[in-house]
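The structure appears below as structure tokens.
Just so it is clear, none of the values below were taken in a lab; they were calculated from the coordinates. Since the model is a prediction, treat every value here as computed from it, not as a measurement. Positions of Cβ are generated from backbone atoms using ideal geometry, with glycine treated the same way; all protein chains shown enter the neighbour counts.
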Number of protein chains: 2
Amino acid sequence: MKMNEGVEWAVHACCLLAPLGPDRGLSLAALADYHGVPAPYMAKQMQALSKAGIVRTSRGARGGYALGRGADAITLLDVVRAVDGAVPMFRCTEIRQRGPCASPRKDCAAPCPIARAFAGAEAAWRGALGAVTIADLVATVGRDGTPAHLGKIMQWFGAEARQLPSVG
Amino acid sequence: MKMNEGVEWAVHACCLLAPLGPDRGLSLAALADYHGVPAPYMAKQMQALSKAGIVRTSRGARGGYALGRGADAITLLDVVRAVDGAVPMFRCTEIRQRGPCASPRKDCAAPCPIARAFAGAEAAWRGALGAVTIADLVATVGRDGTPAHLGKIMQWFGAEARQLPSVG
DNA sequence: CATTATTCGGATATTGAATATCCATATTGA
DNA sequence: TCAATATGGATATTCAATATCCGAATAATG
Ligand code: FES
Ligand code: FES
């Protein structure tokens, strides 16, 4: 029961793109370098975010990634679903329909109570993740970070951030 | 992000042992046969339950497994922790401390806000699982099952259930 | 009490799927 | 035309699921 490691990278990438707004972005190489992770693997995560519409992409020279919508409209659950998939962690294999005392098929219209309990727990988990947005997270970072560190990030932005073609 | 498949088997096994009370039990072969699953792998789950104290075992002729405590004192969370382990699904690798704009070590005394959000979601998940006991589940099964099916189970119990040595 | 059949306990391969990583290709701005 | 860049598929690696085995412990049996 381990989550895809790329989720951490993807969320951090979104938090990095958020302050740039919808028109400016970063190249894949810049994102990978900033986080100190291999670029090809970071590409996989960004690709998943792109397919989910969380980021928009611009190909070709001076292309890159920018947020696809407002940071307050992207939740942690969105990112998890995009990168890690939407399959439930507990999967009922209908074990009750096997063996010498198998439940008859017609009695299994309703899901097994055990599966129901697990589904409820996962709903609580998703609810908690859906209540946190990227905007919430960057607000915390901006509040906790030291001025010196924030200044270093601003300087890095100046060298790496680039204007992306308008969405129109 | 997939849970160990044995969790489903372990929970069902507990629900099967519950109506037998603390003194009667079932052999490993009976448990595996009842659920139609390979015995060696079922053994692995039962061993995990045994080490966690959820079931007690009796070796030797006519030995087997029985619940280690009351069914109302065993939660789904107990079973998940025993079989699937207690490692968190989201693991923070401190990515913020890497790359050209790494956060200084001293700023990282508090966990990353992203990691905090995921930890909170997992706590909600565990809370939901900890609120459901084996007793709750068997009550639902007893209410939903048809008399014919319950009768077949009773007959099977008559052939397979066995008295285990008292815990004293 | 000695014997024996039965059962759990744990360690160890083998298989298969999921994950992490890399490379070739299409696309775009300059 | 060229260099820069995202995209998709292909490949290697890791991890979990499954099968198999043997030893230790225990209760029934005489
Ligand atoms: S049959 Fe799948 S959880 Fe009960
Ligand atoms: S550094 Fe691990 S979640 Fe932020």
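Can you tell me the 0 to 90 degree angle between the C-alpha axis of helix B:39-51 and the longest principal axis of chain B, rounded to 10?
Here the helix axis deviates by roughly 70 degrees.
Could you work out the relative contact order of the stretch B:1-97? I mean the mean sequence separation of Cα pairs under 8 Å and 6+ apart, divided by the number of residues, in percent.
Dividing the mean separation by the residue count of the stretch B:1-97 yields 35 percent.
For A:Ala131 and B:Ala135, FRET efficiency with R0 = 22 Å and r from the beta-carbon atoms, rounded to 0.05?
With a Förster radius of 22 Å, E is 0.10.
Add -39500 (n - 2.57) for each DSSP H run of 4 or more in chain A, then divide by its residues: what number comes out at 222 nm, to the nearest 500 deg cm²/dmol? Show your work: numbers first, answer last.
Values: 7 runs with 85 residues, N = 168.
Here the helix-only value at 222 nm equals -16000 deg cm²/dmol.
Charges at C-beta only: +1 for Lys and Arg, -1 for Asp and Glu. How large is the resulting dipole of the stretch A:1-85 about its Cα centre, in Debye rounded to 20?
The dipole of the stretch A:1-85 has a size of about 300 debye.
May I ask you to derive the relative contact order of chain B, considering only C-alpha pairs under 8 Å and at least 6 residues apart, and to give it as an integer percent?
In percent, rounded to a whole number, it is 32.
Run the simple label-point estimate for B:Asp107 and B:Ala29 please: 7 Å along Cα→C-beta, distance reported in nm.
6.6 nm
Which angle between 0 and 90 degrees, to the nearest 10, do you get for helix A:134-144 versus the longest principal axis of chain A when only C-alpha atoms count?
In chain A, helix A:134-144 runs at an angle near 60 degrees to the longest axis.
For the protein assembly as shown, what ratio Rg/Rh do Cα atoms give with a Kirkwood hydrodynamic radius? The partial results should precede the final answer.
Working: Rg = 25.5 Å, Rh = 22.8 Å.
My calculation of the ratio gives 1.12.
With +1 assigned to the C-beta of every Lys and Arg and -1 to the C-beta of every Asp and Glu, and no other charges, what is the dipole magnitude of chain A about the Cα centre in debye, to the nearest 20?
560 debye
With axes computed from alpha carbons, what is the tilt in degrees of helix A:147-160 against the longest principal axis of chain A, rounded to the nearest 10 within 0 to 90?
The helix A:147-160 is inclined about 80 degrees to chain A.
Per 0.36 nm of contour for each residue apart, how much would the distance between A:Arg62 and A:Val87 grow if the chain were fully extended, relative to their Cα-Cα spacing?
Between A:Arg62 and A:Val87, full extension yields 5.4 nm more.
Here is the link list: B:Lys2/B:Lys51; A:Lys106/B:Lys44; A:Lys2/B:Lys44; A:Lys51/A:Lys152; A:Lys2/A:Lys44. Which ones come out longer than 27 Å on Cα distance?
Long pairs (Cα-Cα over 27 Å): A:Lys106/B:Lys44; A:Lys51/A:Lys152.
Describe numerically, in nm with one decimal, the distance between label points set 7 Å from Cα along Cα→Cβ at A:Ala39 and at B:Asp144.
5.3 nm
List, in order, the whole-Hz ³J(HN,Hα) value for each residue of the stretch A:63-74 obtained from phi through the Karplus relation with A = 6.51, B = -1.76, C = 1.60 and θ = phi - 60°; use x for Gly and Pro.
Per-residue couplings from phi come out as x, x, 10, 9, 4, x, 7, x, 5, 7, 10, 10 Hz.
Tell me, what is the FRET efficiency for A:Ala52 and A:Asp72 to the nearest 0.05, using R0 = 22 angstrom and their Cβ-Cβ distance as r?
Using R0 = 22 Å, I get an efficiency of 0.85.
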